[in-house]
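Visitor: Sharing a structure with you now.
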Amino acid sequence: MTETAMKSSISPGRAKVVEQVVLSVQTAGLRKMAIASVDTDPASRTLAVQVAAVAAGSGRRTLLIDLADGGEGGHWHPGKSDAPVGKDAAGRGFDTLSAPDDEEGRAAFNNPSRISEALDGLLETYDLVLLHASGLITDGAWPVNPIAACAATEGVVMVLPVGEVPAQKLERSVALLEAAGARVVGTVIDDRGNPSLGDDMARGAERVFSFAPPIGRWLAKKLRGSDFLRTPIFQ
């Protein structure tokens, strides 16, 4: 999938957020970074995939390492002499690896220095290595230690859904990252609960034309299909 196709698959507001993350990473000169969330959250994986796709589309050789279950690519053991790199299944231009779910892998991911050396050695040909680390303090959800993996990067971007992360959990996550030597360099506010203007207008149209449902449905479909009106009201 080309960068243009990638942009067309998400709302204009979301595309701007992704582009800003990529631009910030490039401007700061970061090569190894992580996208993380406090709890297990599909939004962080979505953002990681979108950032990887836009970075790859801009000409940077990009690798996405998914530390959660279900990642693409072969299982990577930091410190081994090979990395079973795969291609993104959707053809978005970046390469993939996933965390191993075995004792040897867990031991390797408890050593940030070992991870960092592997990222700088075996995987040195990549312009951007992006680690996805959703659910930093979710007990039992990880095959490896995500905190240690984040500490091996040059910066961590946190994805925070509005109104869904208690302050204590956020503080605990940041404290664990800082204690491990990781650096939080930014946040992305995921305001998924706020409707887009198109959704609001579509619901209004369905109410107004309740006496003529076909007209209401037709108008609602048009409103929800507008790129401009799909942008969230608050971001």
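Only the coordinates and a few stated rules stand behind these numbers; no lab work does. Remember, predicted model here, so these are calculated numbers, not experimental data. Ideal geometry is used to build each Cβ from the backbone, glycine not excepted, and the neighbour counts take in all protein chains shown.
Visitor: Express in nm, to one decimal, how much length is gained between Lys16 and Asp82 on full extension, taking 0.36 nm for each residue of separation and deducting their alpha carbon distance.
Guide: 20.1 nm
Visitor: For segment 60-173, what is the largest minus smallest coordinate of the Cα atoms on each principal axis, given in angstrom and ordered from greatest to least?
Guide: 40, 31, 25
Visitor: For labels at Asp102 and Ser58 in the simple 7 Å Cα→Cβ model, what's the distance in nm?
Guide: That separation, rounded to one decimal, is 3.7 nm.
Visitor: Under 8 Å for C-alpha pairs, at least 6 residues apart: give me the relative contact order for segment 72-168, rounded to a whole percent.
Guide: Relative contact order here is 25 percent.
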